Amino acid sequence: MLTELETKLLGVMMMVIMLGMGSSMTYRDFLIAFRRPKGILVGLLSQYMVMPFLGYALALIMGLPPAMAAGLILIACMPGGTTSNVFTYFSKGVLALSIMMTTVSTLVAVVTVPLLLSFYGGLAGLSGDYVIPAGNVAQVLVVLLVPTVIGMGLRKLNANIGATIELVGSMLGVAVILFLIGSWVPRNYQMLLDTGFPVYVATIGIGLTGMLLGYWLARGLGQDSNRARTISLETGIQNGPLAVLIITLTFSGTMQQEVLFIPILYSLFIVITSSLITIWYRRNATAEALARDAAKVRR
Amino acid sequence: MTDGYTPPRPWLASYGATIPHDLPASRYKSLADLVDQACQGHAKRRAFTCVVPNGMNGTLTYAQIGAMSDAFAAYLRHECGLQPGDRVAVQLPNGLPYPVVAFGVFKAGCVLVNTNPMYTPSEMIHQFNDSGAKVLVIVDMFADKLAEVVPQTGLQAVVLAGVPEFFPKLPETIVRGVQIVWSRTLPPVPKLAVPVTRLRAALARGRPHAANVRSFWQATGPEDLALLQYTGGTTGVAKGAMLSHGNMLANLAQVQAVSGGLMATDDCVLTALPLYHIFAFTANLLTFFEIGARNILIPSPRPVQNLQRAIENYPITWITGVNTLFNGLMNEEWFAAYPPKKLRAAIAGGTALHEAVATRWRAMTGTPSAEGYGLTETAPLVSFNPLDDRARPGSIGIPVPGCDVVLVDDDGKPVPAGTPGELIVRGPQVMSGYWQRPEETAKTLQKGWLFTGDVAVMDEDGFLRIVDRKKDLVLVSGFNVYPNEVEDALAKMEAVLEAAVVPIPDAKTGEAVRAYIVKNPDYEGDLTTEDILRHCKGLLTDYKLPKSIIMRDELPKSPIGKILRKDLKAEVRAEFGL
């Protein structure tokens with residue numbers, strides 16, 4: 001259970017993160033991304049078809065209790081997190097595509113997330129208590145678009161300010177997760193010990209399987225390896241803090257604590273798994289970029 | 001070639017009305033004079049902007065460049081005790097410190113020794129000892145090399161400068177933080193027996209004495225040495241081409257004469273090539289600074305994506321580059337979709353611009369690419385292909401005003417038009433010799449003529465076409481094989497990314513052709529020696545066919561991307577015990 005202050009702090013941090021997301025892109029980035037919209041469409045497909053199904057399937061297979069299943073399905077239905085942009089940046093992926101996927105998936109989240117939540121929630125047989133109202137989700141998302149637009153304006157105004165905010169926002173994305181873990185783990189120490197193996201498998205598995213399926217779905221749909229790596233990271237890395245924010249605004253008391261469990265645990269493990277994956281992706285990307293530099297003109 | 005010989009200049013007819021037949025005298029006494037006048041004349045204009053890959057940037061105006069280079073000159077003379085003519089080695093990537101330091105060296109009446117930042121300690125030791133450099137300005141990213149280098153040289157002081165130097169405080173801190181934490185490219189500075197100063201501190205110490213800087217360079221004239229520009233040549237160790245203030249000013253005037261007023265004060269030139277190389281030094285630094293235009297400096301242009309923010313954020317009107325850079329840019333989606341809107345032209349040099357690249361460039365950007373030819377020894381421009389319909393594809397164009405170009409045979413006699421001969425050049429941009437190497441100088445410079453070692457063909461109108469390096473010729477059973485011809489044939493294979501051809505000893509034919517091949521990573525399928533020979537047989541006569549074919553992952557290249565045949569030749573010498 002997060003305190004009132006922590007919830008407010010989380011909200012402010014999310015604003016800054018979205019400001020950073022906005023300042024990481026230009027109007028032209030949008031145009032370039034939509035010249036080849038296939039990448040974004042493939043990304044959306046893996047984001048909103050693969051992930052939610054994975055969440056539902058894992059909840060079912062691992063036999064999670066309703067509160068945990070609700071948390072896992074919520075995480076699975078979330079749009080891409082802004083931390084995926086920083087990981088894409090460091091893995092030398094297609095930053096514009098990552099940012100576009102995050103932006104577009106956040107935009108359409110207003111519609112898709114409530115729909116997917118009620119669909120898979122219903123399928124999983126979650127009772128009325130665990131239903132997250134669509135209004136809450138939509139409201140939070142709309143509020144977060146304001147700083148995104150302001151960020152874009154700042155970038156245009158001054159590249160130094162834009163790049164600084166971009167970096168701060170991305171770093172804060174990681175900081176928020178550390179903050180959540182730091183404030184939450186000590187208080188739920190016992191619960192972590194009591195939690196069974198299946199919960200951990202589901203929590204770590206959702207991110208890793210998402211990245212794996214995201215990569216191969218993208219490759220299968222004709223994306224080059226660099227774009228596929230970007231889509232992979234984007235798919236596996238969900239907006240954990242947003243899920244936490246929505247839960248804190250929807251539930252209270254013990255129930256909040258139960259539903260929060262998987263999103264926070266996910267946020268913890270995704271930082272570790274994505275870091276490892278990023279190091280690996282970065283090596284591949286560097287080799288490819290140098291080869292491309294040397295490539296001769298196609299005849 | 002006799003002293004009194006006045007060779008014909010058949011190319012003058014192609015100059016038309018736009019290019020003066022005779023080179024106008026320079027308005028300046030020295031490079032220091034040029035810098036000083038430009039800084040006063042354009043004081044409020046932005047001179048240099050350095051852009052790192054994430055878009056963070058810093059800018060210095062002409063007035064700031066003037067004041068800071070004054071302070072650096074005063075630091076060199078007052079604090080380091082340098083005298084006119086003393087050498088200062090500068091080992092910096094493109095960035096705001098470069099012009100401050102280089103111009104400061106000229107204002108101190110000293111000699112600039114441009115040094116590649118990527119040099120190994122042994123290369124540094126050779127160059128600093130050979131030039132007798134007393135002060136070194138080095139980028140802090142390579143400060144770790146100093147521990148080995150400084151004790152083995154006569155260096156008396158070291159100045160450190162960073163890549164984000166003179167950026168606004170916050171971006172500077174962030175870029176430096178990323179260098180320390182993420183890329184780990186900022187090593188600790190070793191303990192040295194000579195004083196080590198950060199550039200900012202050096203400027204602060206020079207500033208109180210900066211009032212009388214003019215007196216340092218008042219006596220400097222066109223005959224005085226400005227640069228020791230090291231060049232490997234094809235054999236032996238690097239030697240310093242002695243380029244005087246007059247050489248540099250003449251070549252600047254030649255560049256401006258042939259660009260026929262195409263460059264303007266509001267221009268913005270993308271400087272992705274390293275300024276320590278003579279091409280960018282003259283074409284970007286001097287040419288655009290003199291007219292009050294703006295240089296966008298890129299510290300690290302590889303991978304080519306590093307240029308994206310610079311090209312997006314600034315109204316680039318000119319790009320100087322080499323074949324590989326233009327090719328790389330056009331393979332980037334962001335560039336292909338939105339090539340710079342205000343671009344006027346691209347200037348290509350360093351190595352031959354492939355026709356396919358030039359054609360695609362024009363189609364993609366809607367602007368022409370001008371190709372020039374030159375050498376370190378000629379500061380560098382010798383010939384150029386005009387930027388209009390006079391241009392001839394595949395040619396290196398016609399000689400610049402004020403200089404003579406003749407093609408000669410092995411006896412030094414001019415060859416008839418259309419016949420290959422060694423290109424020799426005489427003019428105000430030709431160096432006075434190699435630093436402290438009379439023998440090398442005597443071989444290269446004869447009675448004012450510089451023997452370039454390049455074999456070329458001149459047509460009736462004076463347009464030149466480079467055939468190959470004379471020293472790279474392969475002599476197969478008495479027949480000349482030009483490596484370029486074989487390389488071009490090889491490069492026509494879809495499966496071949498790059499090729500280089502060098503001679504190997506052969507018991508039957510004296511020499512034979514060896515080809516080093518890099519397979520195109522995008523080519524699916526195998527590439528065998530048989531495939532290559534089958535392909536070549538359709539294009540080359542028998543004696544030109546590669547006798548030996550070696551597959552490689554990459555070929556040795558110079559800092560600006562030229563394939564280095566001399567390194568491959570060295571391998572051959574080692575292999576055959578020559």
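Here, each number is a calculation from the coordinates, and none is a lab measurement. Not measured: the values here are computed from a predicted model. So basically every Cβ, Gly included, is an ideal-geometry build from the backbone, and we count neighbours across all protein chains shown.
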Partner aspartates and glutamates for B:Lys569 [C-alpha distance under 14 Å; skip if fewer than 8 residues away on the same chain]: B:Asp472, B:Glu511
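DSSP loop (so not H, G, I, E, B), at most 10 other Cβ within 10 Å: list which GluC sites (Glu not before Pro) in the range B:431-523 pass both filters.
Details: sites: B:Glu439, B:Glu440, B:Glu460, B:Glu485, B:Glu487, B:Glu494, B:Glu498, B:Glu511; in loops: B:Glu460, B:Glu494.
Those satisfying the criteria are B:Glu460.
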Roughly how many Å is it from the Cα centre of the range B:519-554 to that of the range B:111-186, as a whole number? 42
Could you pull out the trypsin sites (Lys or Arg not before Pro) across the range B:432-487 that fall in loop regions by DSSP (anything but H, G, I, E, B) with no more than 15 other Cβ atoms inside 10 Å? B:Lys447
Which whole-angstrom value gives the distance between the alpha carbon centres of the range B:66-84 and the range A:51-108? 59
Between B:Leu12 and B:Asp410, what is the label-to-label distance in nm when each label sits 7 Å out along the Cα-to-Cβ direction? 3.5
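Only counting other Cβ atoms within 10 Å, I'd like B:Tyr5, A:Tyr120 sorted with the fewest neighbours first.
Lowest count first: B:Tyr5, A:Tyr120.
Tell me what chain A gives for mean residue ellipticity at 222 nm when only DSSP H runs of n ≥ 4 count, each as -39,500 (n - 2.57), the sum divided by the residue total, rounded to 500 deg cm²/dmol. Write out the running numbers ahead of the final one.
On the way: 14 runs with 242 residues, N = 299.
Estimated from H runs of four or more residues: -27000 deg cm²/dmol.
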Please compute the net charge surrounding B:Leu92, taking Lys and Arg as +1 and Asp and Glu as -1 over other residues with Cβ under 15 Å from its Cβ. +1
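Would you mind giving the mean number of other chain beta-carbons within 10 Å of the Cβ of each residue in A:154-162, as a whole number?
Average neighbour count from other chains, rounded to a whole number: 4.
Take each of the peptides B:403-410, A:85-92, average the number of other beta-carbon atoms within 10 Å over its residues, and list them starting from the highest.
Values: B:403-410: 17.9, A:85-92: 24.9.
So the order, starting with the most tightly packed, is A:85-92, B:403-410.
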Could you please rank B:Met551, A:Met255, placing first whichever residue has the fewest other Cβ atoms within 10 Å of its Cβ? B:Met551, A:Met255
Under 16 Å from the B:Glu460 label point (7 Å along Cα→beta-carbon), backbone N, the range B:409-431: B:416-419
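So how do B:133-146, A:71-84, B:174-187 stack up, highest first, on mean other-Cβ count within 10 Å? Kindly include the intermediate steps, with their values, before the conclusion.
Details: B:133-146: 22.2, A:71-84: 29.4, B:174-187: 14.5.
Sorting B:133-146, A:71-84, B:174-187 by mean packing, highest first, produces A:71-84, B:133-146, B:174-187.
Using r as the Cβ-Cβ distance of A:Leu107 and B:Glu79, and R0 as 60 Å, what FRET efficiency do you calculate, to the nearest 0.05? Provide the component values of the computation, followed by the final result.
Details: r = 59 Å, r/R0 = 0.99.
So, using R0 = 60 Å, E works out to roughly 0.50.
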Enter the Cα centre distance for the pair the range B:385-463 and the range B:265-298, rounded to the nearest angstrom. 26
Can you tell me the order of B:254-262, A:278-286 when each peptide is scored by its average per-residue count of other Cβ atoms within 10 angstrom, highest first? B:254-262, A:278-286
Links that overshoot a 32 Å alpha carbon limit, given the list B:Lys443/B:Lys544; B:Lys145/B:Lys519; A:Lys92/B:Lys341; A:Lys92/B:Lys519: B:Lys145/B:Lys519
Charge tally for neighbours of B:Met248 with beta carbon under 14 Å away, counting Lys, Arg as +1 and Asp, Glu as -1, is -3
222 nm mean residue ellipticity, helices alone, for chain B (DSSP H n ≥ 4; -39,500 (n - 2.57); rounded to 500): -8000 deg cm²/dmol
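Just checking the output field for B:490-497: average partner chain Cβ neighbours within 10 Å of each residue's Cβ?
On the way: counts 0, 2, 1, 0, 3, 0, 1, 4.
Counting other chains' Cβ atoms within 10 Å and averaging over B:490-497 gives 1.
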Answer rounded, prolate or oblate for the range B:62-220, using the Cα gyration tensor with square roots of eigenvalues a ≥ b ≥ c: rounded when a/c is under 1.5, else prolate when a/b is larger than b/c, else oblate. oblate
For A:Leu41, B:Leu155, what ranking results if the residue with the fewest other Cβ atoms within 10 Å of its Cβ goes first? A:Leu41, B:Leu155
Taking 51 Å as R0, compute the FRET efficiency from the Cβ-Cβ separation of B:His21 and B:Arg573 and round it to 0.05. 0.65
